[in-house]
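**Student:** Have a look at this one before I ask anything.
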Amino acid sequence: MRESARAVIGSVCSGFTELPAPPSAESGVDGPIGWPGYDSARARAASRTGESESVVCGVGKFGGTEATVIAWEFGFLGGSLGRRTGDRIEAAFERARELRTPVVSMIATGGSRMQEGMAALTQLQRIARQAALTRAAGLAQVAVVRDPTTGGGWATLGAGSDVALALPGAQVGFAGSRVRPSGDASAYTAESQLASGHVDQIVPAAELGERLGRWLSLLTGADGQPAEPPSALGCGELPADGWAAVQAARAPSRPRAESYLDAYFDWREDISGDRCGGVDPGVRCGFGMRGGVTVAYAAQCGTATLPSGFRTAARLIRLADRLGIPVLTLVDTPGAANDPAAERAGAGAAIAEVFAAVAGASVPVTTLVIGEGGSGGALAFAHPERTWVTPDSYFSVTSPEAAASILKRPPEEVPATANQLRLRPQDLVELGVVRGIVGR
């Protein structure tokens, strides 16, 4: 049995104060298009649920963070969106901007209300407008995708949120169960949406309140100051030549991004996926708490970066910029994936997104090269004025192997080519490419 809107609210936040329902402009019998029996259906839904509409809106506290809440009551005509629903959601967003609070949408809806025709469908435009105004105001939006979340509820506040959390096993998709093609239904699940990069995390209901508290504290906890580069975790000795630098960066025992993130942050939460159908396990993005202050991170994990990885990083940097959260990027990749699949997935455009996000960020971006810095796929993650390197890293116009191939040199000349590229940490400082070498 699905939980009611008020039960869900009571399980995740405290001190909830409901917002008054705004006056409705709706007039006439049986709604805007005179659907026979619509007034009676609404009256039965109200009697059954104790609610006068399909959403309950108010303000409550998640841990120590106040937020505006929009919770769907699926028992009221399948949580469908009608004109009065739009009135309440619009009023809730307006109140969030007045109070300067983030918005938490706890969605359970079958879509637009058939009994109101196009008057119902156009509520999606109203909701999209309110979400856009709230984004422009620099306020975070978190969605909790409950069962089911389909139609316009998913296509506006669900998929359009800054962070999307989903309950396990929830039905999630634009097409509802009664209108989608017959056959495999696995694509319309929270788990499938996570795998496809459209949902950030799947959270058990019992953990939802705590997780929302963590997320809201992260998304509202910045102080605007630049992130300090992490300390080096690996070898502290500088390499004697270029080839030694490459070998040190490629050593299996060298600390990777996960170790750096764990050492740098007190705790953190990842986002997942590019919202375009892809997830790159070789890129970790999210927000972490360090000494009571939030820092966003985008970290390469030592593999060739996929287009979805670049798009996820760009998404993270743009979100952090809008919320005023400084960014830390960790560079560690032999380069961008360059196989046919990567090209078809838009490698060039995806890399361009990260270059543009870093270049256009108004918040400070700090970069540390912790391993391989291979060509433009690595440089896209790096800030041109705030980049540091570890002693066991290198940064190069391309890999020594690729450089030798381009110059038509035999394989045995790869080490010599590495030396000529001046890719060692100390070379990079001398060339003015980086600001310095971090110590342990």
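Nothing in this text is a laboratory measurement; each read-out follows from the coordinates by a stated rule. If you're wondering where the values come from, they're calculated on a predicted model, not measured in any experiment. Note that we place each Cβ from the backbone using ideal geometry, even for glycine, and neighbour counts take in every protein chain shown.
**Student:** What's the local net charge at Leu139, with K and R +1, D and E -1, over the other residues with C-beta under 10 Å away? List each step's numbers first, then the result.
**Tutor:** Working: positive: Arg97, Arg100, Arg135, Arg322; negative: Asp162.
Once positives and negatives cancel, what remains is +3.
**Student:** Scale the Cα Rg of the chain by the rule-of-thumb value 2.2 N^0.38 Å and send over the ratio, two decimals.
**Tutor:** 1.12
**Student:** Please find, in a Gaussian network model of the chain (springs between Cα atoms separated by less than 10 Å), the residue of Ala380, Ala205, Ala299 whose mean-square fluctuation is greatest.
**Tutor:** Ala205
**Student:** Right, next: Considering only Gly234, Gly79, Gly37, give the residue with the highest GNM mean-square fluctuation for the chain, with springs between Cα atoms whenever their separation is below 10 Å.
**Tutor:** Gly37
**Student:** Which GluC sites (Glu not before Pro) in the stretch 169-267 pass both tests, a DSSP loop state and at most 15 other beta-carbon atoms within 10 Å?
**Tutor:** Those that pass, being in a loop and sparsely packed, are Glu237.
**Student:** Once you have a ≥ b ≥ c as the square roots of the Cα gyration tensor eigenvalues for the stretch 148-220, tell me rounded if a/c is under 1.5, and otherwise prolate or oblate according to whether a/b is larger than b/c. If you can, show how the numbers build up before the last one.
**Tutor:** Working: a/c = 2.50, a/b = 1.88, b/c = 1.33.
Cα axes put the stretch 148-220 in the prolate bin.
**Student:** Would you calculate, for the chain, the mean residue ellipticity at 222 nm contributed by helices, counting each DSSP H stretch of 4 or more residues as -39,500 (n - 2.57) and dividing by all residues, to the nearest 500?
**Tutor:** That comes out to -10000 deg cm²/dmol.
**Student:** Continuing with the same structure: Would you report the distance distribution of C-alpha pairs in the stretch 5-219 as whole percents per 5 angstrom bin, up to the bin with the largest distance?
**Tutor:** Going from the shortest bin to the longest, the percentages are 1, 8, 16, 20, 21, 17, 10, 5, 2, 0.
**Student:** For the stretch 92-195, just run the numbers: alpha carbon Rg, then divide by 2.2 N^0.38 Å, N being how many residues it has.
**Tutor:** Working: Rg = 14.3 Å, N = 104, 2.2 N^0.38 = 12.8 Å.
Normalised Rg, Cα atoms only: 1.11.
**Student:** Moving on to the next point. Checking a compactness column here: for the stretch 242-437, what do you get for Rg(Cα) / (2.2 N^0.38 Å), N being the number of residues?
**Tutor:** Working: Rg = 16.2 Å, N = 196, 2.2 N^0.38 = 16.3 Å.
Here the Cα radius of gyration is 0.99 times the empirical estimate.
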